[in-house]
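Nothing in this text is a laboratory measurement; each read-out follows from the coordinates by a stated rule. Quantities reported herein were computed from a predicted structural model and do not represent experimental measurements. Quick reminder, even Gly has a Cβ in these numbers, built from the backbone with ideal geometry, and neighbours come from all protein chains shown.
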C-alpha cells in the first residue's frame with residue numbers, strides 16, 4: 001500500500017508509545033499541579049496556579065524546603081558537571097591511542113556504569129561509613145585522619161556524592177567522546193603536523209572543533225542527569241546532614257509519595273522541567289554562538 005498515509009502508518013506504533021508513556025504523563029502532571037491532590041481525600045479541589053505561587057512565597061509551607069533542595073541540586077550540579085565533562089575527555093584521549101591492552105582498559109573504565117544505582121549506593125554507603133568503612137580504615141593505615149564523616153558532615157558529604165557519581169558515570173561520557181574522536185579524519189591531524197602544529201594546537205584547532213556536536217550532547221545530558229540526581233543522595237547520605245543533600249527530585253518524591261501531596265509535588269516537577277529547559281536552550285545557543 002502506497003500513499004500519503006504510509007509514512008504515518010509506520011510511525012503509528014512509536015506515536016502510540018510516545019503518547020501513552022510521554023505526552024499522557026506530562027499532561028497528567030500538569031493537571032495534578034493545578035489541584036490540591038491528596039490521595040487520602042475524595043475531592044481534589046482546583047487551585048489554579050497556587051501550587052506554583054507557593055514556591056516563591058516566603059510564608060508558604062514548602063518555600064524553605066523547596067529552595068533548600070534547589071540549592072542542594074545546584075551545588076551537586078556545579079560540582080559534578082565540570083568533572084564529568086573534562087575527565088572523560090582526558091580518558092578518551094588516552095584510550096584513543098594505540099597501546100597494549102587498550103580494549104581491556106576501555107572495558108574497565110565503562111564497567112561501573114553497568115551497575116544500577118541501588119548497587120552503587122549500598123556499596124559506597126558501606127565503604128564510606130565513618131566507623132566501619134574501608135575508606136577510613138585505609139586512611140588510618142596511611143597515617144591520615146580515620147574519622148572523616150563522609151556521610152554525615154559537610155563538605156565531606158558533597159565530596160562523597162560527587163566522587164561516587166564521577167566514578168560511576170565517567171565511563172559513559174568517555175565512550176561517547178571516544179566515538180566522536182574516531183570520527184575525526186586522521187588527515188586533519190597529519191596536515192596539522194606538517195604545518196608544525198604542537199600537540200596543544202592540534203587539540204585546540206582539530207580535536208575540539210571536531211568534537212563540538214559531541215560536547216554539546218555530553219554537556220547537555222550531564223547537566224540534566226546531575227539536576228535529576230536522586231538515587232545517590234537517597235541511598236548514600238539519605239539527605240544528611242539534616243536535609244542539606246536532599247535534592248529537588250528527592251524532595252518531590254518525599255512530598256508526593258510520603259506526604260500524599262501530589263499537587264505541590266507535580267508543580268515542583270513542572271517548575272524543575274522549565275528550569276532545565278531554559279538551561280538546555282541557553283547551552284544550545286552558546287554553542288551556536290561559538291560556532292558562528
For the chain, set up a Gaussian network in which alpha carbons nearer than 10 Å are linked by springs, and say which option among 49, 87, 216 fluctuates the most. 49
Sorting 195, 59, 129 on the 10 Å Cβ count, fewest up front, what's the list? 59, 195, 129
How do 35, 205 rank when sorted from fewest to most other Cβ atoms within 10 Å of their own Cβ? 205, 35
Compute the length gained on full extension between residue 30 and residue 276: take 0.36 nm times their separation in residues and subtract their Cα-Cα distance, giving the result in nm to one decimal. 86.9 nm
Build a GNM of the chain with springs between Cα atoms under 10 Å: which of 94, 84, 41 gets the top mean-square fluctuation? 41
If you average the alpha carbon positions of the range 123-190 and of the range 197-236, how far apart do those two centres end up, in angstrom? 17 Å
If you average the alpha carbon positions of the range 54-68 and of the range 1-53, how far apart do those two centres end up, in angstrom? 27 Å
For Rg/Rh (Cα atoms, Kirkwood Rh), several values are listed as [x] 1.12; [y] 1.05; [z] 1.09; flag the one computed from this structure. [y]
May I ask you to sort 117, 17, 164 by Cβ crowding, counting other Cβ atoms within 10 Å and putting the fewest first? 17, 117, 164
Direction-averaged shadow area of the convex hull around the Cα atoms of the range 169-292, nm²? 10.3 nm²
If eta is 0.692 mPa s and T is 37 °C, what Stokes-Einstein diffusion coefficient results for the range 20-175, Kirkwood Rh from Cα pairs, in µm²/s? 166 µm²/s
